[in-house]
1. Of the residues A:Val81, A:Val70, which single one is within 9 Å of another protein chain (Cβ to nearest Cβ), surrounded by 18 or more Cβ atoms within 10 Å (Cβ to Cβ) and out of contact with any Pro (no Cβ under 6 Å at 6 or more places or on another chain)?
2. Does any residue in region B:195-221 that is under 20 Å from B:Val104 (Cβ atoms) and within 13 Å of chain A (Cβ to nearest Cβ) come within less than 8 Å, Cβ to Cβ, of a residue that is hydroxyl-bearing (Ser, Thr, Tyr) and in a helix (DSSP H, G or I) six or more places away or on a different chain, and which pairs are these?
3. Considering region B:131-166 alone, what residues qualify as being within 14 Å of chain A (Cβ to nearest Cβ), farther than 21 Å from B:Ile87 by Cα and not in a loop (DSSP other than H, G, I, E, B)?
4. Any idea which of (1) over 28 Å from B:Asp322 (Cβ atoms); (2) in contact with a Pro (Cβ under 9 Å, 6 or more places away or on another chain) is the one B:Arg432 doesn't satisfy?
5. Considering only residues that are surrounded by fewer than 20 Cβ atoms within 10 Å (Cβ to Cβ) and more than 22 Å from the chain's Cα centre (by Cα), which ones fall in region B:95-111?
6. Across region B:374-397, which residue is surrounded by the most Cβ atoms within 10 Å (Cβ to Cβ) among those that are within 20 Å of B:Thr312 (Cα to Cα) and more than 23 Å from the chain's Cα centre (by Cα)?
7. Taking region B:151-189 as the region of interest, how many residues are in contact with a Lys or Arg (Cβ under 6 Å, 6 or more places away or on another chain) and within 23 Å of A:Arg103 (Cα to Cα)?
8. When you scan region A:30-46, how many residues do you find that are facing chain B (nearest Cβ under 10 Å) and surrounded by 15 or more Cβ atoms within 10 Å (Cβ to Cβ)?
Amino acid sequence: MHHLLDVLASGVHDTKNQLFFAESQIAEAEARHGIDLSEARYAIESASGRLSRTLAAYHLLRQDAALAVVPVVVDDLCSEVALDQRKHLAHTGIELEVNCSVRDEWPLDRDLMTDVLNNAVQNAGRHARKKVRLSAWSDGTTLYFRVEDDGEGYADPEGGRSTGLIVAERIASLHERKKRKGSMHLSNGGELGGAIFELCLP
Amino acid sequence: MTAVDYRQKRFLVIDDQPMARESLRAIAQTAGAFSVEFAPGYQDAIFKIRNNVPDIILCDYMLGDGRSGQQLLEELRRFNLLPDETIFMMVTGEQSYEQVVAAVELVPDDYIIKPFSPDKLIMRLERIAAKKQFFAAFYREKRKQEYAKALAILAATKDSDAGRNYRFESLRQEAEVHLAAGDAEKAEAAYRGILERYEFPWARAGVAKSLHRQNRLTEAREEIEKVVAGTPHYFDAADLKANICMAQGEHEEAQKVLDEVAKKTPRNYLRKRLLAEAAELNGDTETARAAMADVVANDTVAGAVTTEDQLTLARTHVGASDLISAEKVLLLMRESEVMNLDLAQQASFSALLAVASPGKGKPKFTGLRPALMASPLPTASRVDVLRAALSVDDRELADTQARQIMSGEDAKKVFGAVRKLYALQGREPDFREIQRQVAMQRIHHDETPAGGE
């Protein structure tokens, strides 16, 4: 079984190297010719994110996923999601607002959480009319991430879930601290009136 | 944030794949870099860094040839080739490197997952620059081994507003400085403080290391077992466990642990040295010899193979009763090297040579006798002297060494080896008598038994 995983991981690895080559060539062309090909780069990074998520999902569904928890500056994490998504959303006429009031480091899996939030913001962007908001705050014992939009909202927040959401929920619940586990909540409403995706991490 | 002028910075890109190197060059130059150098592999990278330290190193995690960027990083730190000002950024294609970073003690300044844009690279580099700036004064004092001053700086800055971003790093640095300063109790407290907040494997390993330094071996073992069970890919924890096992006299377990991890990291020569030590103590002289021979032949970074290594190799040959090989190793050591040996090394050198080649070694060994009787020596040298003294039937010298060893901190570690040396001369009863005397002395002095709990 481990052999299969190695084959998959090595395939993903090689593919990402190829994608990185493509992105670096595009970035160089942009600089040289003073043009904006950020949508092409966005497509490359999204494809790569999708690959990572697929591999993560495979791990998670096999129940052999282990988190790699490091102290993370929450504000930095939010800035990176903004860097990854803001320009693309603006391209489609949607504003991404980021609100982070957490100043301290928080122990979490930086890469998986970045993926989860990128995915959530992407999803929100697909359904939003004009605005997506990513916010982060904490009450000292729990860290909250929320992604909300001004779209129609979830058809059924309690209903069936896409792979992305299943992965997000599993990743949240793998975050554990002093016997408390993380969780994911979906609802509708809020200040923007659309879908609300929320993660609570201990 | 500090705006960094990347045109002034010298980049070094380390990657064995031409296409990946090209990608990293393109990204770095788009980010503003003017000077980008390449190193296609491990040795070349070390050579370039040694000659002219770059400002920013972008190093792929997979370097080919059984080497990883993590190994390179460890090697650079081991030989002090990386100034604190240099940025070392690991570049990786998959998320599995995160598992390494989450566990190990020695981490790069940051790592970044491919593919990434020039903007993301800049964002990351600027954060690192800001962090290095925050800790700059602390690093300076730490490097000068001014530990009290370093700790004072941490205490003054860690609760500042800017320090909120680096709270865990501050705590970790505090613990490490306590360890470096030799205050294992305070280090333990600092690591436990981190664990209060989160169960980081490296912090738990830090507790184990601090307990080991306090010679609280049973507790240290309990703690490190938790880490090894929870994070099997955390090889430094396996090394620490092996060290603790050896201190407890459990050499078989130590060797087993190291055998396993050494297989996964065949080119980690510090670990090979440790394996040789464990195998030697475990009586597996062949493994010890093979590991040391590998170290001496293949740890190719200049200055990596030390006099100590040559002596250890000779010791493993003596242990395997291959006196010809032992003699060869000792006589191949350069005269200038032998001239500059300190007393402990002279003791080992002359003792091992006296055993391997009595004609050549005995005169020097006999000449050193007064110093060997009177001076403090590290345990390994004492065992060498003991072995030679037994072989030339100098009972007084042998028994003096045995007494010193058995009342020292390494008593449990080398107990089996010492007993075996006495047994080989048919003098086991004498060794038991020495043990008895040392034990009596302890009771009289009402001391905490050294090497005990």
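1. The match here is A:Val70.
2. These pairs meet every condition: B:Ala203/B:Tyr191; B:Arg204/B:Tyr191.
3. Going residue by residue through region B:131-166, those that are within 14 Å of chain A (Cβ to nearest Cβ) are B:131, B:134, B:158-166.
Adding the requirement that they be farther than 21 Å from B:Ile87 by Cα leaves B:158-161, B:164.
Result: B:Arg164, single match.
4. (2)
5. Across region B:95-111, the qualifying residues are B:Ser96, B:Asp110.
6. Selected residue: B:Val385.
7. Of the residues in that region, 2 qualify.
8. So in region A:30-46, the residues facing chain B (nearest Cβ under 10 Å) come out as A:30-32, A:38, A:41-42, A:44-45.
Then drop every residue that is not surrounded by 15 or more Cβ atoms within 10 Å (Cβ to Cβ), which leaves A:30-31, A:38, A:41-42, A:44-45.
Total satisfying the criteria: 7.
Laboratory data are not the source of any read-out in this text; all were calculated from the coordinates shown. Worth saying up front: this structure is predicted, and the values here are computed from it rather than measured. So basically every Cβ, Gly included, is an ideal-geometry build from the backbone, and we count neighbours across all protein chains shown.
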